[in-house]
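Participant: Take this structure first; my questions come after.
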Amino acid sequence: MKIRLIIAALVLILCSGKAMTQQHQSLVPIDKSIRQAFQLITDDERVQLALQQIEAREPEAIQEQIRLTEIPAPPFMEARRAAYYLERMREIGLSDASIDAEGNVTGVRKGTGNGPTLLIAAHLDTVFPEAVDTTVELRDGRFYAPGIGDDARGLTALLSVIEVLNESGIETVGDIMFAGNVGEEGRGDLRGIKAIFRDHPEIDGFVSIDGVRLRRITSGGTGSRRFEFQFSGPGGHSFGAFGLPSAIHAMGRAIAKIAEIETPALPKTTFTIGTVAGGTSVNSIAADAVFTLDMRSNDPAALIKLETQAKALAAVAEENARWDNGEISVEFKLIGDRPAGRTATESPIVQIAALAFDEIGIELRELGISSTDSNVPMSLNIPAITIAGGGNGGGSHSPGEWYSPENSHFGPQLALLITLALVGIEAVSPALLEKRNR
């Protein structure tokens, strides 16, 4: 009980004194018809009440965020958190919620019919292995725990939206699919969102809630290709078999060459060799060696060019020629493929998000490009954006990750306004998300 009172007091302090004031962003031009339709949403008394309820319930939401954080969800081990999230979805009104074959938790709030289908999601997984302690500690007004912001905050904001929407009595024109998805981080390779879009061709648009600080709309997806470069050869004793080529020597030659690749600043294109491994002992000629290569670009063509260069430089001819022995070979194992993409600034989904920033009184500072679940729909030409879950935080992907609920209610408020504008409110406003031709 004591910790609940402390959380409630902290949230009230950090959220006080900042009422919603109209902003006027200038990054995104707004069509008159979209502005008018959005105004119909914000003028609705039920919507205004839902926004107020989100703010009033924020202390409870922070407690939920702590509970989610303390359920570990390492890569490919999200099942415990998924089971809890399924239970919560059902408790707050998504009776049809279920866990799919990939491990995603999904539930649909049906519209009145013949409208678009919007998917709004946050990811269940974290970057941290199973042994990492995720117990939340409160120190100097901040909550500390691995994963408390990325993406326990997004998951919490999503639950807040579901809860107030189901209590509001609002009927939407379009359908809303809610998802706590797996596999956003690391070698998860966006597997959860890839599965949802593979299995649900009816989805017309996507909003991802990921991260903490409300400063930007992510409307571009940085693509990545990740490989293991696997070198193999005969191996042998360092003295007795001297003269045989070494898998590690071949790997070293490849790394040195790849390190000299020059990439363009625009479009931003990067690479790094993140890990190396191989060999048997200090007195053995290595029979195997492997390194991992991460390549990223905001442009698909630049990414393809970089991949071609890197593979060409990993040829083993020099090591084999050095010892006059052609026994070293290399194979390229794809371990990650995140497609690049972009949602146009003129898209209704970007315009609506910009209007929502104005409505809740948050300055929209940029239209960003990064790697998120939105990469997948963007690459399929499905309108998609990523927004943050609200509050303040830092240390993402580190053991010292922290979160502070400074005006944290703005996150779910933003998500609610975007959602309602996209799917429309029956007898109030049209759905601004267009149904795709399928």
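For (1) modelled with pLDDT of 95 or more; (2) outside the structural domain of T112 (by TED's automatic domain parsing); (3) farther than 23 Å from I335 by Cα; (4) of a type in the set (A, V, I, L, M, F, W, C), each residue gets a yes or a no:
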position	(1), (2), (3), (4)
I176	yes, no, yes, yes
E185	yes, no, no, no
D189	yes, no, no, no
F206	yes, no, yes, yes
R213	yes, no, yes, no
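Participant: Here are some residues: F178, F227, F231, F197. Which one is surrounded by fewer than 23 Cβ atoms within 10 Å (Cβ to Cβ) and not in a helix (DSSP H, G or I)? It would help to see each step written out before you state the result.
Facilitator: Working: F178 fails: surrounded by fewer than 23 Cβ atoms within 10 Å (Cβ to Cβ); F231 fails: surrounded by fewer than 23 Cβ atoms within 10 Å (Cβ to Cβ); F197 fails: not in a helix (DSSP H, G or I).
Step by step, each of F178, F227, F231, F197 is checked, and only F227 is surrounded by fewer than 23 Cβ atoms within 10 Å (Cβ to Cβ) and not in a helix (DSSP H, G or I).
Participant: Just the residues that are among the hydrophobic types (A, V, I, L, M, F, W, C) and in contact with an Asp or Glu (Cβ under 9 Å, 6 or more places away or on another chain), please, taken from the range 386-409.
Facilitator: Of all residues in the range 386-409, those among the hydrophobic types (A, V, I, L, M, F, W, C) come to 387-388, 402.
Once the filter is applied, which keeps residues that are among the hydrophobic types (A, V, I, L, M, F, W, C) and in contact with an Asp or Glu (Cβ under 9 Å, 6 or more places away or on another chain), the range 386-409 yields I387, A388.
Participant: Scan the range 268-279 for residues that are buried (at least 17 other Cβ atoms within 10 Å of the Cβ) and closer than 27 Å to S371 by Cβ and jot them down.
Facilitator: Listed by number, the residues that qualify are T269, F271.
Participant: Now for a separate question. Restricting attention to the range 320-345, which residues are within 15 Å of I258 (Cβ to Cβ) and of a type outside the set (V, I, T)? Can you show your working first?
Facilitator: Kept after step one, since they are within 15 Å of I258 (Cβ to Cβ), are these residues of the range 320-345: 330, 332.
Within the range 320-345, F332 is the sole residue that qualifies.
Participant: Can I ask one more? Would you check if G107 is of a type in the set (G, A, S) and modelled with pLDDT under 95? Spell out the reasoning first.
Facilitator: Values: of a type in the set (G, A, S): yes; modelled with pLDDT under 95: no.
In short, no.
Participant: Something else about it: Tell me the residue from R153, R142, R81, R109 that is charged (D, E, K, R) and over 27 Å from G394 (Cα atoms), please. Steps first, answer last, please.
Facilitator: Numbers: R153 fails: over 27 Å from G394 (Cα atoms); R142 fails: over 27 Å from G394 (Cα atoms); R81 fails: over 27 Å from G394 (Cα atoms).
Every option except R109 fails the conditions.
Participant: Just checking, does the range 393-406 include any residue being touching a Leu at 6+ places or on another chain (Cβ under 6 Å), in contact (Cβ under 8 Å) with a residue 40 or more places away in the chain and either in the same structural domain as A145 (by TED's automatic domain parsing) or not acidic (D, E) (or both)? Outline the logic, then answer.
Facilitator: Taking the range 393-406 first, the residues touching a Leu at 6+ places or on another chain (Cβ under 6 Å) are 405-406.
Remaining after also requiring in contact (Cβ under 8 Å) with a residue 40 or more places away in the chain: 405-406.
This time we only want the ones that are either in the same structural domain as A145 (by TED's automatic domain parsing) or not acidic (D, E) (or both), so: 405-406.
Yes: the range 393-406 contains one or more residues that are touching a Leu at 6+ places or on another chain (Cβ under 6 Å), in contact (Cβ under 8 Å) with a residue 40 or more places away in the chain and either in the same structural domain as A145 (by TED's automatic domain parsing) or not acidic (D, E) (or both).
Participant: For the range 280-388, which fully contained strands (runs of 3 or more DSSP E) count at least 1 residues that are touching a Ser or Thr at 6+ places or on another chain (Cβ under 9 Å) and crowded, with 22+ Cβ neighbours inside 10 Å? Walk me through how you get there before you give the answer.
Facilitator: Values: elements: 288-297, 329-338, 366-370, 384-387.
Correct list: 288-297, 329-338, 384-387.
Participant: Do the conditions hold for I248, that is, is it of a type in the set (A, V, I, L, M, F, W, C), touching a strand residue (DSSP E or B) at 6+ places or on another chain (Cβ under 8 Å) and assigned to a helix (DSSP H, G or I)? Break it down into steps so the answer makes sense when it comes.
Facilitator: Values: of a type in the set (A, V, I, L, M, F, W, C): yes; touching a strand residue (DSSP E or B) at 6+ places or on another chain (Cβ under 8 Å): yes; assigned to a helix (DSSP H, G or I): yes.
So I248 passes the test.
Participant: Right, next: Would you check if there is a residue in the range 382-404 being among the hydrophobic types (A, V, I, L, M, F, W, C), more than 17 Å from the chain's Cα centre (by Cα) and within 16 Å of D151 (Cβ to Cβ)? It would help to see each step written out before you state the result.
Facilitator: Start the filter on the range 382-404 by keeping residues that are among the hydrophobic types (A, V, I, L, M, F, W, C), which leaves 382, 384-385, 387-388, 402.
Checking which are more than 17 Å from the chain's Cα centre (by Cα) leaves us with 402.
Keeping just the survivors that are within 16 Å of D151 (Cβ to Cβ) gives 402.
Yes.
Participant: Now a separate question. Return the total of residues in the range 164-196 being closer than 17 Å to Y85 by Cα and either small (G, A, S) or free of Cβ contacts under 8 Å to residues at least 12 places away in the same chain (or both).
Facilitator: 4
Participant: Follow-up question, since we're still on this one. With the condition kept exactly as written, say whether any residue in the range 209-231 is closer than 30 Å to I162 by Cα and among the acidic types (D, E). Walk me through how you get there before you give the answer.
Facilitator: Going residue by residue through the range 209-231, those that are closer than 30 Å to I162 by Cα are 209-222.
After this cut, where a residue has to be among the acidic types (D, E) as well, the list is 210.
Yes, that holds for at least one residue.
Participant: If you don't mind, there's one more thing I want to ask. Can you say whether R81 is of a type in the set (D, E, K, R) and either crowded, with 24+ Cβ neighbours inside 10 Å or within 19 Å of the chain's Cα centre (by Cα) (or both), as far as the supplied structure shows? Please lay out each step first, then the result.
Facilitator: Numbers: of a type in the set (D, E, K, R): yes; either crowded, with 24+ Cβ neighbours inside 10 Å or within 19 Å of the chain's Cα centre (by Cα) (or both): yes.
Yes.
Participant: Determine which member of the set A101, A73 is at pLDDT 95 or above, within 19 Å of the chain's Cα centre (by Cα) and either outside any helix (DSSP H, G or I) or closer than 14 Å to M177 by Cα (or both).
Facilitator: Details: A101 fails: within 19 Å of the chain's Cα centre (by Cα).
Sole residue among the options that is at pLDDT 95 or above, within 19 Å of the chain's Cα centre (by Cα) and either outside any helix (DSSP H, G or I) or closer than 14 Å to M177 by Cα (or both): A73.
Participant: Please work out if V212 is crowded, with 20+ Cβ neighbours inside 10 Å, among the aliphatic types (A, V, I, L, M) and touching a Gly at 6+ places or on another chain (Cβ under 6 Å). Spell out the reasoning first.
Facilitator: Working: crowded, with 20+ Cβ neighbours inside 10 Å: yes; among the aliphatic types (A, V, I, L, M): yes; touching a Gly at 6+ places or on another chain (Cβ under 6 Å): yes.
The answer is yes for V212.
Participant: Additional query: For residues that are of a type outside the set (G, A, S) and surrounded by fewer than 24 Cβ atoms within 10 Å (Cβ to Cβ), scanning just the range 234-247, find the one that is nearest to the chain's Cα centre (by Cα). Lay out the reasoning, then the answer.
Facilitator: As a first pass, look at the range 234-247 and keep what is of a type outside the set (G, A, S): 234, 237, 239, 242, 244-245.
After this cut, where a residue has to be surrounded by fewer than 24 Cβ atoms within 10 Å (Cβ to Cβ) as well, the list is 234, 237, 239, 242, 244.
Values: P234: 42, H237: 47, F239: 51, F242: 50, L244: 46 Å.
Among residues in the range 234-247 that are of a type outside the set (G, A, S) and surrounded by fewer than 24 Cβ atoms within 10 Å (Cβ to Cβ), the one nearest to the chain's Cα centre (by Cα) is P234.
Participant: Considering the range 299-326 alone, what residues qualify as being in contact with a helix residue (DSSP H, G or I) (Cβ under 7 Å, 6 or more places away or on another chain) and either within 30 Å of I209 (Cβ to Cβ) or not hydrophobic (A, V, I, L, M, F, W, C) (or both)? Lay out the reasoning, then the answer.
Facilitator: Within the range 299-326, the first condition is being in contact with a helix residue (DSSP H, G or I) (Cβ under 7 Å, 6 or more places away or on another chain), and the residues that meet it are 310, 313-314, 316, 318-319, 326.
Answer for the range 299-326, where residues must be in contact with a helix residue (DSSP H, G or I) (Cβ under 7 Å, 6 or more places away or on another chain) and either within 30 Å of I209 (Cβ to Cβ) or not hydrophobic (A, V, I, L, M, F, W, C) (or both): E318, E319, G326.
Participant: Check whether at least one residue in the range 45-56 is among the charged types (D, E, K, R), farther than 13 Å from S408 by Cα and at pLDDT 70 or above, and report yes or no. If you could, list the steps in order and put the result at the bottom.
Facilitator: The initial filter retains those residues of the range 45-56 that are among the charged types (D, E, K, R), namely 45-46, 55.
Checking which are farther than 13 Å from S408 by Cα leaves us with 45-46.
Now narrow it down to the ones that are at pLDDT 70 or above: 45-46.
Yes, because at least one residue in the range 45-56 is among the charged types (D, E, K, R), farther than 13 Å from S408 by Cα and at pLDDT 70 or above.
The values are calculated or read from the model by the stated rules, or taken from the named source; none is laboratory data. All values reported here derive from a predicted model rather than from experimental measurement. Backbone-built Cβ (ideal geometry, glycine too); neighbour counts: all protein chains shown.
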